[in-house]
Amino acid sequence: MPETAHDFGRIEGANGPVKHVFAVRNDGKATLELIRVSSSCRCLLAEWSKKTVEPGETARLEVTYHPVGQSGAFSHSMQVFSNGSETPLVLTVKGNVHAAPGAVVGEPEFTPDAWTHDFGKIDEEQNYYTHIFQITNTGKAPLIISHVQSSCGCAEPEWTADPIAPGEVGDVVITYSAKNRPGPFKKHITVYTNAKGGRQRLAIMGEVIPKPSELPVVYQDTIGTIQLESKTFMFHTIRPKEIATQEIWIRNFSDVSQTLSFVNMPAHIQVEAPDELAPGKAERMKVTVDGTKVTTKGRMLGGFTWMAQSAAGEVLSYEIPVSVNFIDDFSTLSPMQKTHGAGIKLSTTLLEFGRMKRGGLFGIGSKRASKQVTLTNEGKELLELHSVSCDDPRVHVTGFNRRMLGPGESVTLTLLIRPKEVTEPMETMLYVVCNDPRGPVRQVKITAK
């Protein structure tokens, strides 16, 4: 972009919005895909003339500044995200607003009815709890809430998108999910506004009372002389900077104490368990995934090694799989942006290979069976496919040669299974992780006999 800053100079507030056009040229040898523009102020709107730019071509980025309620000098930035750079390109617009005659000049002021809400003791069984923070604009100019971000995916924010006039009241609505989160909690809510200081921090807190256990603990797996509820940990979605935890019961069924040891631990995984488990005793084991230590998005299949002792005293090692879908942080998007963002559509959610027929002795010479699924972007923004994968190594995925799909574009995947590798009924999943805010993780069930 030959120009990365623009000065509007003096802006007459009475004349309404002002516009400026930035040009972006593709100097590379492949198609440039313009993903999105993020603005530091809701008073700025950006619109592309086109989302894909061929080598040597140029696109227009029209920026509109709304001076309503503003007065004096300003400087705002925008980040341009594309596949042409690992880091966003920063644009700057500035100027000086001269308020219209008779207009009220001043700043907005963010005044909530409370900075912290205490839910008190809440039941896990009910799951969803909602609180509405009422925000009064006690200033002299319209208050704009550009976006709201929570410190945890368990607290989903909504907010008043329209400007809040002086003396009027808007809302920040927080819905907390208590499911699988027993114990005390405190979550911070960051509200981005055009008031002095920009960011305001609210908080919710309380204590989740665990739902009563209706059934006795069922120990489905065994490692050495330790019984476990499960030895597979599956985290459906984790956003950047989010930390998620899962707990299971473990029990020592031997007549001697057992030492617990875990090795080969990835940086983003932590395990909390007693160092030693007494005979017949049951304890909780906690596995935590730290999203702050992961920079990529998509499905990640990893885990750690559990060193255990058999009944005969032999030292054994077991691999404990931990699967995670790392997704985008959609909490900064308004409801309108979520509705008009990227949207993925799958041609099917079930691929049935049926009974696999082997050819020749021991399956030698048998061809791979194949099925197809098509992914289409039915949204209005660029669809980014972070990952397309299957945890079962017997399923081979081909055709995943495009990570970016423009509106209306599609990619067809071919899934291959070699009959000789199916020795028992198969049931697994194809996972698609993308930037669709209405459903970033999509699954296709795969079966074979």
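The values are calculated or read from the model by the stated rules, or taken from the named source; none is laboratory data. The model shown is predicted, which means the values in this text are computed figures rather than measured ones. Cβ sites come from the backbone with ideal geometry, for glycine too, and all protein chains shown count toward neighbours. The accessibility values were calculated without ligands, DNA or RNA, using every heavy atom of the protein model including side chains. Shrake-Rupley method; radii C 1.70, N 1.55, O 1.52, S 1.80 Å.
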Report summary line: Highest GNM mean-square fluctuation among 55, 157, 437, for the chain with Cα springs under 10 Å, belongs to 55
**Report entry** Over the range 326-425: Rg over Rh, Cα atoms, Kirkwood Rh
**Finding:** 1.12
Report summary line: Here FRET efficiency (C-beta to C-beta, residue 79 to residue 171, R₀ 25 Å, nearest 0.05) is 0.35
Query raised in the report: With the chain treated as a Gaussian network of Cα nodes joined by springs under 10 Å, which of 124, 424, 247 yields the largest mean-square fluctuation?
Result: 424
Query raised in the report: For the chain, what is the charge dipole size about the Cα centre, in debye to the nearest 20, if Lys and Arg each add +1 at the Cβ and Asp and Glu each add -1 at the Cβ?
Result: 1360 debye
Query raised in the report: With charges set only on the Cβ (+1 for Lys and Arg, -1 for Asp and Glu), what does the dipole of the range 339-425 come to about its Cα centre, in debye to the nearest 20?
Result: 540 debye
Query raised in the report: Using alpha carbon centroids, what distance separates the range 416-449 and the range 69-90, in Å?
Result: 40 Å
Query raised in the report: What figure in square angstrom, to the nearest 10, would you give for the accessible area of residue 118 with a 1.4 Å probe?
Result: 90 Å²
Report task. With a 1.4 Å probe and every protein chain left in place, tell me how much accessible area residue 57 has, in Å² to the nearest 10. Result -> 80 Å²
Query raised in the report: If 285, 234, 356, 205 are ordered by their accessible area, calculated over protein heavy atoms with a 1.4 Å probe, which sequence runs from highest to lowest?
Result: 234, 205, 356, 285
Query - Per residue accessible area of the chain, 1.4 Å probe, in Å² - result: 52 Å²
Report summary line: By the Cα gyration tensor axes a ≥ b ≥ c (a/c under 1.5 gives rounded; else a/b larger than b/c gives prolate, otherwise oblate), the shape of the range 174-309 is prolate
Report task. Please state, as a whole number in µm²/s, the translational diffusion coefficient that the Stokes-Einstein equation yields for the range 92-168 at 10 °C and 1.306 mPa s, with Rh defined as the Kirkwood radius across alpha carbon pairs. Result -> 102 µm²/s
**Report entry** the chain, relative contact order in percent, only Cα pairs under 8 angstrom and at least six apart counted
**Finding:** 10 percent
Report summary line: Given Cβ charges of +1 for Lys and Arg and -1 for Asp and Glu, the option among 437, 419, 395 whose Cα lies farthest towards the positive end of the dipole of the range 395-444 is 437
Query - Cα Rg, Dmax (largest Cα-Cα span) when computed across the range 272-385, Å - result: 23.1, 63
Query - Among 286, 338, 29: highest mean-square fluctuation, GNM of the chain, C-alpha pairs under 10 Å - result: 29
Report summary line: Rounded to whole angstrom, the alpha-carbon centroid of the range 166-182 lies from that of the range 224-280 at a distance of 33 Å
Requested in this report: Quick one, can you get me the convex hull of the C-alpha atoms of the chain expressed as volume per residue in Å³?
Outcome: 178 Å³
Query raised in the report: Per the helix-only calculation at 222 nm, which mean residue ellipticity applies to the chain, given -39500 (n - 2.57) for every DSSP H run of n ≥ 4 and division by its residues, nearest 500 deg cm²/dmol?
Result: 0 deg cm²/dmol
Requested in this report: Set the Förster radius R0 to 56 Å, insert the Cβ-Cβ distance between residue 317 and residue 241 as r into 1/(1 + (r/R0)^6), and round the FRET efficiency to 0.05.
Outcome: 0.95
Query raised in the report: Ignoring ligands and nucleic acids, what accessible area does residue 396 show with a 1.4 Å probe (Å², nearest 10)?
Result: 60 Å²
**Report entry** Taking the range 256-330 and dividing mean pair separation by its residue count, relative contact order in percent (alpha carbons under 8 Å, at least six apart)
**Finding:** 30 percent
Query raised in the report: How much FRET efficiency would the formula 1/(1 + (r/R0)^6) give for residue 160 and residue 378, where r is the Cβ-Cβ distance and R0 is 35 Å, rounded to 0.05?
Result: 0.75
